[in-house]
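See structure below.
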Amino acid sequence: MQAVLRRLNDRWGAAGRPTLAMGVAVHTGQVFAGNVGSPRRKKYAVMGDTVNTASRIEGLNRELSTAILISGVTLAIVKERVLVKDRGAIPVKGRTQPVEVFELVGLAETGEPQGGGAP
């Protein structure tokens, strides 16, 4: 997604159009997922602390000038496959303890850059 956004922004920037920024966050844990609402008005949704924490981490992208952030919980699962920069333990709303946050900078196998930073 980030690579496609970079190409789009290159084209738009060359044409004098405003560019876009996108922040992504990945956190791992249990969620409630399913259709919620009434029989006449259903909506598929994911809810729970994991979803809220991912949303709070995503909100840090602008503040940290990053594009992709992952939690320490997620890093523990994918650590052999990614290159990261430790951004520290950051307090986030709704959590009593700070959350370990890492910037995804590439894939370990290829070294391919994943981020790009937010403008």
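One residue stands out in the stretch 1-16 among those that are under 16 Å from residue 106 (Cβ atoms) and of a type outside the set (Gly, Ala, Ser): the one that is modelled with the highest pLDDT, namely 6. For the stretch 10-24, the set of residues classified as under 24 Å from the mean Cα position of the chain (by Cα) and surrounded by fewer than 10 Cβ atoms within 10 Å (Cβ to Cβ) consists of 18 only.
Considering the stretch 62-91, the residues that are touching a residue at least 12 places away in the same chain (Cβ under 8 Å), assigned to a loop (DSSP other than H, G, I, E, B) and surrounded by 12 or more Cβ atoms within 10 Å (Cβ to Cβ) include one that is nearest to the chain's Cα centre (by Cα), namely 67. What about residue 31, is it within 20 Å of residue 106 (Cβ to Cβ) and not polar (S, T, N, Q)? So residue 31 fails the test. Being of a type in the set (A, V, I, L, M, F, W, C), surrounded by 10 or more Cβ atoms within 10 Å (Cβ to Cβ) and in contact (Cβ under 8 Å) with a residue 24 or more places away in the chain is a condition met by at least one residue of the stretch 25-43.
For the residues 45, 54, 25, 33, the requirement of being in contact with a Ser or Thr (Cβ under 9 Å, 6 or more places away or on another chain) and assigned to a strand (DSSP E or B) singles out 25. Report yes if residue 38 is within 17 Å of the chain's Cα centre (by Cα), of a type in the set (Gly, Ala, Ser) and at negative phi, otherwise no. Criteria not met by residue 38. Residues of the stretch 43-61 that are of a type in the set (Asp, Glu) and under 9 Å from the mean Cα position of the chain (by Cα): 58 alone.
The values are calculated or read from the model by the stated rules, or taken from the named source; none is laboratory data. Since the structure is predicted, the reported quantities are computational estimates derived from the model, not experimental observations. When we count neighbours, we look across all protein chains shown, and the Cβ atoms used for this are built from the backbone with ideal geometry, even at glycine.
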